[in-house]
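J.: The structure that follows is given in the form of structure tokens.
The values are calculated or read from the model by the stated rules, or taken from the named source; none is laboratory data. Just so we're clear, the structure is a prediction, and the values are computed from it rather than from any experiment. No Cβ is skipped: glycine too gets one built from the backbone with ideal geometry, and neighbour counts run over all protein chains shown.
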Amino acid sequence: MQAGSNLTNQFLIAMPALDDPYFSHTVTYICEHSSNGAMGIIINQSMQMQMSDIFTHMKIDVSDPDAGEQSVHYGGPVEEERGFVLHSYHKNWDSTMQVTDTLAISTSRDILEAIANGTGPDKYFIALGFAGWGPGQLEQEMANNSWLSGPASEDVIFSTPLKDRWQSAAQTIGVDLNLMPGQAGHA
């Protein structure tokens, strides 16, 4: 990884020509990026699953009636059976990685129990699976113009409708994806 190219707390925005079945038209929030690789959560892909399904599967009692109605999202093709909670940071749960002063990602049962009883984080995004890149892989994909990158926006993560996140993330860096060609030309 080159100095100054750390993409932690950045959005990866798929270029219109990226036709990978996992990443076409996605926005990925990068939680960690180092010389060992990168890890992120896709933030704009839904699943046909609600939190009530997760609570039932994990035998978690629910006292907050709204908690079970929350959607579960597709976070990426790695460890698709594993849950990740991207959330506003105000405390450490049993397994929490703080990404910024205001955002963290947790993978432990205690955060799900807190969400189920209404004492969880103020803002959260639940996903199954994550996106991962080995050493140098993301840098190569960036060099191949597969991705745009830009600063992450909590508004896009937590408030923007899923269907609008790809365009909204690009707009935060001044890019209108509708004006970009589907295939990049090569000279």
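J.: I need the full set of residues from the stretch 32-62 which are β-branched (Val, Ile, Thr) and within 30 Å of residue 141 (Cα to Cα), in order please.
T.: Our first condition is that a residue be β-branched (Val, Ile, Thr); within the stretch 32-62, this holds for 41-43, 54, 56, 60, 62.
Those that are β-branched (Val, Ile, Thr) and within 30 Å of residue 141 (Cα to Cα): 41, 42, 43.
J.: Right, another one. Taking the stretch 1-58, which residues are of a type in the set (S, T, N, Q) and surrounded by fewer than 15 Cβ atoms within 10 Å (Cβ to Cβ)? Break it down into steps so the answer makes sense when it comes.
T.: Just the residues of the stretch 1-58 that are of a type in the set (S, T, N, Q), to begin with: 2, 5-6, 8-10, 24, 26, 28, 34-36, 44-46, 48, 50, 52, 56.
Listed by number, the residues that qualify are 2, 5, 24, 34, 35, 36, 46, 48, 56.
J.: Still on this structure, I have one more. Please work out which one of (1) surrounded by fewer than 18 Cβ atoms within 10 Å (Cβ to Cβ); (2) of a type outside the set (Phe, Trp, Tyr); (3) closer than 20 Å to residue 12 by Cβ is the condition residue 156 fails and give its number.
T.: Among (1) surrounded by fewer than 18 Cβ atoms within 10 Å (Cβ to Cβ); (2) of a type outside the set (Phe, Trp, Tyr); (3) closer than 20 Å to residue 12 by Cβ, the lone unmet condition for residue 156 is (1).
J.: Please indicate, with yes or no, whether at least one residue in the stretch 126-146 is crowded, with 18+ Cβ neighbours inside 10 Å, modelled with pLDDT of 95 or more and aromatic (Phe, Trp, Tyr).
T.: yes
J.: Within the stretch 136-159, identify whether any single residue is over 19 Å from residue 30 (Cβ atoms) and under 14 Å from the mean Cα position of the chain (by Cα), and answer yes or no. Full working, then the answer.
T.: Step one: list which residues in the stretch 136-159 are over 19 Å from residue 30 (Cβ atoms), which gives 159.
Subsequent filtering for residues that are under 14 Å from the mean Cα position of the chain (by Cα) retains 159.
Scanning the stretch 136-159, I find at least one residue that is over 19 Å from residue 30 (Cβ atoms) and under 14 Å from the mean Cα position of the chain (by Cα), so the answer is yes.
J.: Which residues, taken from the stretch 79-93, are assigned to a strand (DSSP E or B) and either surrounded by fewer than 14 Cβ atoms within 10 Å (Cβ to Cβ) or among the charged types (D, E, K, R) (or both)?
T.: Looking only at the stretch 79-93, we keep the residues that are assigned to a strand (DSSP E or B), and these are 79-88.
Selection gives 79, 80, 81, 82.
J.: In the stretch 94-150, how many residues are in a loop (DSSP other than H, G, I, E, B), touching a residue at least 12 places away in the same chain (Cβ under 8 Å) and either over 22 Å from residue 64 (Cα atoms) or among the β-branched types (Val, Ile, Thr) (or both)? Even if it seems obvious, please write down each step before you answer.
T.: Of the residues in the stretch 94-150, the ones in a loop (DSSP other than H, G, I, E, B) are 94-95, 99-102, 107-108, 117-123, 134-136, 144-146.
Those left that are additionally touching a residue at least 12 places away in the same chain (Cβ under 8 Å): 94-95, 99-102, 107-108, 117-118, 120-123, 134-136, 145-146.
Imposing the further condition that a residue be either over 22 Å from residue 64 (Cα atoms) or among the β-branched types (Val, Ile, Thr) (or both) reduces the set to 95, 99-102, 107, 134-136, 145-146.
Going through the stretch 94-150 one residue at a time, the tally reaches 11.
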